[in-house]
Amino acid sequence: MLNLSSRLVQADIVTNPSKHFEDGAIAAGRQAEKKVEDLLISLGGIPSYNVFHSLRIPNGMQTGRNEIDLVVLSDENIYCLEVKNWSGEVTYTNNNIYWQQKVTSGKEKNKYIQHTCPIRGLKEKAMLLRAHLSRAGIFLPESIFISKVVLVNPNGKLDERINTSSSVITPDCLSDFAIKFAKPLSSYFIDPLIPYFFRGQFSYNQMDQIRRVLNLVGTWDVLELNGGRVLQGDFKGCSEIVINRKEVDTIMFYHQRNKTTATFWAVLGYSPNTTATLLKRGSSWFGIFGKETTGTVALPFNRDISFRIAGSSADSKIPANDINKIILSC
């Protein structure tokens, strides 16, 4: 059993957790994707259930996954969108194999960043999505899949070839792009009377099948840290927390943050714990009662939670005391 001084140190750690602040560039990227989604819904009338985020499509051998920022299901097409919040000058290089970004920040020298051409990469991902749908029994022609790189930062300066590319949506054209999804009022009365194959659109059954498959494609797990930083990746867990993703969609972490209470329990001989509450997938919030739970787990406040951050080749070990919640993908 720990002595009193050790328990008091633990109480101090629990009530003064590390603060993890969000990286500005990462936050701006997420806001850019949200902006595009909001415009598609508000100006284009796309139902929110037809917009899919950060889908991780299996590669050809199904040994890895490739992420598409936004997949939009319209009446006649599947749009694959890559959203970029790039600033500075963006130019073609090496026969469009790479795009080069030149960024100037304050008094610093120019910084050059080389990106693999996002148009090429996105078209490859779109074909992986087509193959994934085929494996699920949904066979669609290649022409159904439309790839667009969406550049949202109005402060960027684009190479003329990028600016005029049919595969690129520039900041000044973003609203017009969203508006094109809007259907005239008359279509809601006429479409049900004309067979879908004459309209060149998906049938209601096809829409449901596509939507069902896309809903089952994995996305990233999202881990929210104390201080506001958000990590995307794969939750690996710890020995105390065992979950069934079909039943659980969120893990809430509750901590003893009150200094007086933590000190009181330390004097009585208790070490602080973190409580992880598992929330039932698909359940709704009921005011002060919250969501329906499937279980509660008590674990040491300093227990490391394994989380593979997107883009990393190794698992990160994150103290439970620093975590607010984890949202689980399907």
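The values are calculated or read from the model by the stated rules, or taken from the named source; none is laboratory data. Note that the structure is a prediction, hence the values are computed from the model and not measured. Reconstructed Cβ throughout: ideal geometry from the backbone, glycine too, with neighbour counts over all protein chains shown. Areas reflect the complete protein model, heavy atoms only, side chains present, ligands, DNA and RNA absent. Shrake-Rupley method; radii C 1.70, N 1.55, O 1.52, S 1.80 Å.
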Summed side-chain charge close to SER74 - residues other than SER74 whose Cβ falls under 10 Å, Lys, Arg +1, Asp, Glu -1: 0
Listed residues PHE235, SER165, CYS117: farthest to the positive end of the dipole of the chain (Cβ charges): PHE235
14 Å beta-carbon shell around PHE307, net charge (K/R +1, D/E -1): 0
Part-to-part distance (alpha-carbon centres) for the range 81-142 and the range 149-163, which is given in Å: 12 Å
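Please report the net charge: other residues with Cβ closer than 10 Å to the Cβ of LYS157, K and R +1, D and E -1. Mind dumping the intermediate values first?
On the way: positive: LYS102; negative: GLU89, ASP159.
Result for the local shell: -1.
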Among LEU43, ALA266, LEU4 the positive-end extreme of the charge dipole of the chain (Cβ point charges): LEU4
Extension gain from VAL9 to GLU160, taking 0.36 nm per residue of separation minus the Cα-Cα distance: 48.3 nm
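Accessible area, 1.4 Å probe, largest first: how do THR263, THR274, THR294, THR116 sort? Show your work: numbers first, answer last.
On the way: THR263 45, THR274 0, THR294 70, THR116 95 Å².
The ordering from most to least exposed comes out as THR116, THR294, THR263, THR274.
Counting only DSSP beta bridges with both residues in the range 1-157, tell me the antiparallel percent, nearest 5. Kindly include the intermediate steps, with their values, before the conclusion.
Working: 22 of 31 bridges.
Antiparallel bridges make up about 70 percent of those DSSP assigns within the range 1-157.
Taking only C-alpha pairs under 8 Å that are 6+ residues apart, what is the relative contact order of the range 242-330 in percent?
Working: 149 pairs, mean separation 29.9, N = 89.
With pairs under 8 Å counted, the relative contact order is 34 percent.
How many Å² of accessible area per residue for the chain, probe 1.4 Å?
Details: 18250 Å² over 330 residues.
Accessible area per residue: 55 Å².
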Computed FRET value (nearest 0.05) for ARG212 with ALA28, which takes r as the C-beta separation and R₀ as 30 Å: 0.35
Candidates TRP86, TRP265, TRP220: whichever shows maximal mean-square fluctuation once the chain is modelled as a Gaussian network with Cα springs under 10 Å: TRP265
Per-residue SASA entry for GLU160, accessible area with 1.4 Å probe, Å² rounded to 10: 120 Å²
Stretch gain in nm, segment PHE139-TYR49, where the contour uses 0.36 nm per residue and the Cα spacing is subtracted: 30.2 nm
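If the chain between HIS115 and ASN244 were fully stretched, how many nm would it gain, using 0.36 nm times the residue separation less the Cα-Cα distance? Show your work: numbers first, answer last.
Working: separation 129, 0.36 × 129 = 46.44 nm, distance 3.79 nm.
Net length gain for the segment: 42.6 nm.
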Calculated Cα Rg over 2.2 N^0.38 Å (choose from (1) 1.09; (2) 1.20; (3) 1.15), label: (2)
